[in-house]
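Here the structure comes first, spelled out in structure tokens, and everything after it is commentary.
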Amino acid sequence: MADIRVPTLGESVSEATIGKWFKKPGDAVAVDEPLVELETDKVTIEVPAPAAGTLAEISANDGDTVAVGALLGQIKEGAGGAKAVSARPAPAAEAKTKAAPAPAQPPKIAAADAPLAPSVRRIAAESGMDPAKLEGSGKDGRVTKGDMMAAIERAASAPTPVAQPAGAIQVRAPSPADDASREERVKMTRLRQTIARRLKDAQNTAAMLTTFNEVDMSHVMALRSQYKDAFEKRHGVKLGFMGFFVKACVAALKDIPAVNAEIDGTDLIYKNYYHMGVAVGTEKGLVVPVIRDCDHKTLAQIEKDISAAGKRAREGQLKIEEMQGGTFTISNGGVYGSLMSTPILNAPQSGILGMHKIQERPMVVAGKIEVRPMMYLALSYDHRVVDGQQAVTFLVRVKDVLEDPARLVLDL
């Protein structure tokens with residue numbers, strides 16, 4: 001038998017939740033074939049079969065929480081093992097005689113046929129309550145005076161129906177039960193739980209503020225339009241906007257190092273490297289792969305890394321180490337149509353840039369009104385680390401670089 005165990009999940013990750021099994025006991029499996037999906041705080045991973053054979057046993061079911069090294073199941077090695085039969089073991093011996101049937105009970109007298117007490121007949125005559133329609137609590141099901149009084153009391157407390165005019169539409173007041181039947185309750189994945197916890201922790205811990213600016217995207221769009229075909233032909237990747245924003249943020253972080261710092265106890269740690277987190281939306285939630293050492297990479301290298309990381313994120317193939325160590329984050333809500341937002345910090349980082357939808361707006365340029373493609377920018381920052389003047393200066397620096405992309409080449 002070959003054991004299927006929870007693999008090492010990465011730094012600071014000690015447990016996972018069983019997402020789903022791809023096989024059931026008795027199914028044939030090939031070596032390295034994905035058997036089960038594990039959901040961790042950060043990523044979803046698939047556990048491959050350690051050997052070929054037949055899945056003999058599942059030790060942890062969907063939804064169970066398991067630690068690193070825990071037994072998930074076993075494989076009976078060899079080709080075409082017998083299917084596991086999930087049947088109860090037969091009892092050691094069967095009883096040879098059946099239990100004797102219970103003695104027949106005397107027939108019960110129906111309430112309608114039972115003679116009525118004088119008090120019951122009197123109450124029925126006075127109130128109009130039909131004893132035949134009641135369930136008697138007396139001997140042999142007889143209706144008693146108490147049954148009659150209780151029935152009269154229930155009828156008196158019931159709401160009196162109001163006659164509706166002919167043809168009137170009767171509207172019934174909605175009740176919570178009506179809505180409950182149309183609801184669906186789904187357990188949150190570990191990834192979604194972690195996203196919720198981390199975002200709320202960031203709000204509770206950091207002194208978070210957001211400053212805004214806007215950028216004229218005319219020059220970046222013109223540059224992209226002029227070189228996108230040659231760029232893709234030469235580098236095998238499309239020339240997007242994110243590469244320009246990464247380069248602009250690196251330039252701004254070099255000028256305002258506090259935005260690239262973090263708090264550790266009573267110390268401030270200034271990062272002299274630039275690992276940029278790029279938020280990617282997936283079916284299972286938001287993940288932030290990190291593009292490392294962006295200050296040493298060309299625009300083409302950054303675009304290639306972003307494209308590859310985004311593809312792995314959407315396919316659920318990101319490794320945990322690919323989402324660790326970021327110093328600053330960029331989130332592009334504009335791809336979903338967002339015009340303005342206040343992004344939440346990706347703790348323990350001190351800054352996050354929110355990109356938004358490019359929208360043509362009338363702008364005054366050199367005393368004339370011109371239509372320009374404009375984008376609102378939002379910088380959320382931790383005021384414990386970054387002063388307001390530094391935050392505003394950072395965002396102006398990003399704006400300046402994007403409105404004059406030649407600065408990226410000349411490093412001005």
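The values are calculated or read from the model by the stated rules, or taken from the named source; none is laboratory data. Since this is a predicted model, take the numbers as computed values, not measurements. Ideal geometry is used to build each Cβ from the backbone, glycine not excepted, and the neighbour counts take in all protein chains shown. For accessibility, only protein heavy atoms count, side chains too; no ligands or nucleic acids. Shrake-Rupley method; radii C 1.70, N 1.55, O 1.52, S 1.80 Å.
At-a-glance table
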{"item": "In segment 1-55, residue surrounded by the most Cβ atoms within 10 Å (Cβ to Cβ) [restricted to those that are assigned to a loop (DSSP other than H, G, I, E, B) and of a type in the set (Val, Ile, Thr)]", "result": "Val43"}
{"item": "From Asp382, Asp387, residue being among the charged types (D, E, K, R), open to solvent by less than 40 Å² (accessible area, probe 1.4 Å) and touching a helix residue (DSSP H, G or I) at 6+ places or on another chain (Cβ under 9 Å)", "result": "Asp382"}
{"item": "Selection from segment 56-76 of residues that are in a loop (DSSP other than H, G, I, E, B) and in contact (Cβ under 8 Å) with a residue 60 or more places away in the chain", "result": "Gly63, Val68, Gly69, Ala70"}
{"item": "Matching residues in segment 186-207 - criterion: being assigned to a loop (DSSP other than H, G, I, E, B) and free of Cβ contacts under 8 Å to residues at least 24 places away in the same chain", "result": "Val186, Met188"}
{"item": "Residue satisfying all of: in segment 232-265; in contact with a helix residue (DSSP H, G or I) (Cβ under 9 Å, 6 or more places away or on another chain), of a type outside the set (A, V, I, L, M) and in a loop (DSSP other than H, G, I, E, B); least open to solvent (accessible area, probe 1.4 Å) among these", "result": "Gly240"}
{"item": "Cβ pairs under 8 Å, 6+ apart, first in segment 392-406 and at positive phi and open to solvent by less than 20 Å² (accessible area, probe 1.4 Å), second among the hydrophobic types (A, V, I, L, M, F, W, C) and part of a helix (DSSP H, G or I)", "result": "none"}
{"item": "Cross-chain or 6+ apart pairs with Cβ under 9 Å, segment 30-54 first and over 20 Å from Pro289 (Cα atoms), then surrounded by fewer than 20 Cβ atoms within 10 Å (Cβ to Cβ) and hydroxyl-bearing (Ser, Thr, Tyr)", "result": "none"}
{"item": "Candidates Lys145, Lys133, filtered to the one that is surrounded by 10 or more Cβ atoms within 10 Å (Cβ to Cβ) and at pLDDT below 75", "result": "Lys145"}
{"item": "Tally, over segment 208-222, of residues that are touching a residue at least 12 places away in the same chain (Cβ under 8 Å), farther than 23 Å from Gln389 by Cβ, open to solvent by 50 Å² or more (accessible area, probe 1.4 Å) and aliphatic (A, V, I, L, M)", "result": "1"}
{"item": "Within segment 305-340, tally of residues that are more than 16 Å from Cys249 (Cα to Cα), in contact (Cβ under 8 Å) with a residue 40 or more places away in the chain and either in contact with a helix residue (DSSP H, G or I) (Cβ under 7 Å, 6 or more places away or on another chain) or not in a helix (DSSP H, G or I) (or both)", "result": "6"}
{"item": "Selection from segment 266-286 of residues that are part of a loop (DSSP other than H, G, I, E, B) and surrounded by 14 or more Cβ atoms within 10 Å (Cβ to Cβ)", "result": "Lys271, Tyr274, His275, Ala279, Lys284"}
{"item": "Residue ID - farthest from Gln359 (Cα to Cα), chosen from residues in segment 295-336 that are surrounded by fewer than 15 Cβ atoms within 10 Å (Cβ to Cβ) and of a type in the set (S, T, N, Q)", "result": "Gln317"}
{"item": "Looking only at segment 341-371, and only at residues there that are small (Gly, Ala, Ser) and in a strand (DSSP E or B), the one that is surrounded by the fewest Cβ atoms within 10 Å (Cβ to Cβ)", "result": "Gly354"}
{"item": "Flag if Met374 is farther than 23 Å from Val290 by Cα and buried (at least 18 other Cβ atoms within 10 Å of the Cβ)", "result": "yes"}
{"item": "Any hit, segment 200-207, residues being buried (at least 17 other Cβ atoms within 10 Å of the Cβ) and among the β-branched types (Val, Ile, Thr)", "result": "no"}
